[in-house]
1. Just a yes or no: is a residue in the range 254-275 closer than 30 Å to residue 65 by Cβ, assigned to a strand (DSSP E or B) and touching a helix residue (DSSP H, G or I) at 6+ places or on another chain (Cβ under 9 Å)?
2. Do we have any residue at all in the range 59-69 that's under 13 Å from residue 117 (Cα atoms) and surrounded by 15 or more Cβ atoms within 10 Å (Cβ to Cβ)?
3. Let me confirm something: among 312, 230, 210, which residue is surrounded by fewer than 23 Cβ atoms within 10 Å (Cβ to Cβ), in contact with a helix residue (DSSP H, G or I) (Cβ under 7 Å, 6 or more places away or on another chain), in contact (Cβ under 8 Å) with a residue 12 or more places away in the chain and outside any strand (DSSP E or B)?
4. Select, from 287, 283, the only residue that is outside any strand (DSSP E or B), in contact with a strand residue (DSSP E or B) (Cβ under 9 Å, 6 or more places away or on another chain) and under 21 Å from residue 113 (Cβ atoms).
5. From (1) within 14 Å of the chain's Cα centre (by Cα); (2) within 24 Å of residue 55 (Cβ to Cβ); (3) buried (at least 24 other Cβ atoms within 10 Å of the Cβ), pick out the condition that doesn't hold for residue 284.
6. Quick one: in the range 70-93, of everything that is modelled with pLDDT of 95 or more and assigned to a loop (DSSP other than H, G, I, E, B), which residue is surrounded by the fewest Cβ atoms within 10 Å (Cβ to Cβ)?
7. Is the range 215-223 home to any residue that is surrounded by fewer than 16 Cβ atoms within 10 Å (Cβ to Cβ), outside any loop (DSSP other than H, G, I, E, B), modelled with pLDDT of 95 or more and out of contact with any strand residue (DSSP E or B) (no Cβ under 6 Å at 6 or more places or on another chain)?
8. Taking the range 27-69 on its own, how many of its residues are assigned to a helix (DSSP H, G or I) and either at pLDDT 75 or above or under 19 Å from the mean Cα position of the chain (by Cα) (or both)?
């Protein structure tokens with residue numbers, strides 16, 4: 001394809017990106033993305049699964065017969081058939097919520113997520129429900145990293161068990177991930193988290209995003225957050241954090257079980273776009289964010305699309 005044609009196609013997508021924040025780029029003609037200069041990366045994400053492997057029971061007053069990891073698995077397979085360039089991510093609270101946790105602790109859900117091909121998750125407060133030993137006994141069943149950037153486990157039995165970041169390579173695109181957990185004091189019993197230290201999430205974010213962008217040379221930087229979307233007081237949340245960032249492109253959130261009809265487009269500390277999203281809970285919804293990156297312009301993100309899937 002000639003240079004003028006590629007430039008026209010790139011310009012056309014930029015114009016579409018500026019026309020409407022909610023425009024669904026999934027429906028773009030494939031010819032616009034066919035050449036090697038533009039790459040689509042699909043981010044599929046969940047949060048607060050709470051061991052809902054099966055759909056909700058038919059007797060559930062709100063979600064009868066809906067959700068669950070079994071159905072979500074089929075959705076993920078379909079998305080991967082459409083685009084092999086996919087990252088499957090989770091924002092914590094995989095544990096607790098159904099008899100599967102009562103009987104298997106975290107072993108079964110981690111095995112299920114591994115079989116589904118999750119690329120990474122972070123740690124939620126319910127991961128501590130069986131204490132530090134409860135985490136230690138099952139963590140090896142996860143064939144994906146549980147990223148924790150702001151929990152300091154150095155004085156516990158979990159020292160060196162959780163990476164502070166991860167970098168993935170997708171068709172020449174480098175994607176850096178870091179993970180943030182919520183403050184445990186007052187939320188989790190002290191005996192369950194022991195000497196785990198909670199590090200300031202804003203300071204941690206500034207350190208991690210700069211490291212991933214400037215030292216690791218990542219094209220996209222994603223935060224897996226279990227801080228919660230927003231609060232009525234000034235408690236740190238994803239929407240508060242977004243305004244403090246410089247290099248983070250996407251915050252995938254959890255904890256508040258928020259069903260967003262569309263991702264939030266916010267401004268970072270430099271006035272640039274940052275996307276914040278959350279996908280309910282219990283496997284009732286899967287979030288999807290598609291980034292379109294321009295390889296000619298050093299893998300610069302020139303557009304993104306969004307599509308939230310209800311798993312029913």
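1. Quick first cut of the range 254-275, residues closer than 30 Å to residue 65 by Cβ only: 254-264.
Within this subset, residues satisfying the condition of being assigned to a strand (DSSP E or B) are 259, 264.
If we keep only those that are touching a helix residue (DSSP H, G or I) at 6+ places or on another chain (Cβ under 9 Å) as well, we get 264.
So far as the range 254-275 goes, yes, one or more of its residues are closer than 30 Å to residue 65 by Cβ, assigned to a strand (DSSP E or B) and touching a helix residue (DSSP H, G or I) at 6+ places or on another chain (Cβ under 9 Å).
2. Initially, the range 59-69 is screened for residues under 13 Å from residue 117 (Cα atoms), giving 69.
Then keep just the ones that are surrounded by 15 or more Cβ atoms within 10 Å (Cβ to Cβ); that gives 69.
Yes, the range 59-69 has at least one match.
3. Values: 312 fails: in contact with a helix residue (DSSP H, G or I) (Cβ under 7 Å, 6 or more places away or on another chain); 210 fails: in contact with a helix residue (DSSP H, G or I) (Cβ under 7 Å, 6 or more places away or on another chain).
That would be 230, the only listed residue that is surrounded by fewer than 23 Cβ atoms within 10 Å (Cβ to Cβ), in contact with a helix residue (DSSP H, G or I) (Cβ under 7 Å, 6 or more places away or on another chain), in contact (Cβ under 8 Å) with a residue 12 or more places away in the chain and outside any strand (DSSP E or B).
4. 283
5. In the conditions (1) within 14 Å of the chain's Cα centre (by Cα); (2) within 24 Å of residue 55 (Cβ to Cβ); (3) buried (at least 24 other Cβ atoms within 10 Å of the Cβ), residue 284 misses (1) alone.
6. Among residues in the range 70-93 that are modelled with pLDDT of 95 or more and assigned to a loop (DSSP other than H, G, I, E, B), the one surrounded by the fewest Cβ atoms within 10 Å (Cβ to Cβ) is 93.
7. There is at least one residue in the range 215-223 that is surrounded by fewer than 16 Cβ atoms within 10 Å (Cβ to Cβ), outside any loop (DSSP other than H, G, I, E, B), modelled with pLDDT of 95 or more and out of contact with any strand residue (DSSP E or B) (no Cβ under 6 Å at 6 or more places or on another chain).
8. Narrowing the range 27-69 to residues assigned to a helix (DSSP H, G or I): 27, 30-33, 69.
After this cut, where a residue has to be either at pLDDT 75 or above or under 19 Å from the mean Cα position of the chain (by Cα) (or both) as well, the list is 69.
Of the residues in that region, 1 qualify.
The values are calculated or read from the model by the stated rules, or taken from the named source; none is laboratory data. What you see is a predicted model; the values in this text were computed from it and never measured. A quick note on method: Cβ atoms are made from the backbone with ideal geometry, for glycine too, and the neighbour counts reach across all protein chains shown.
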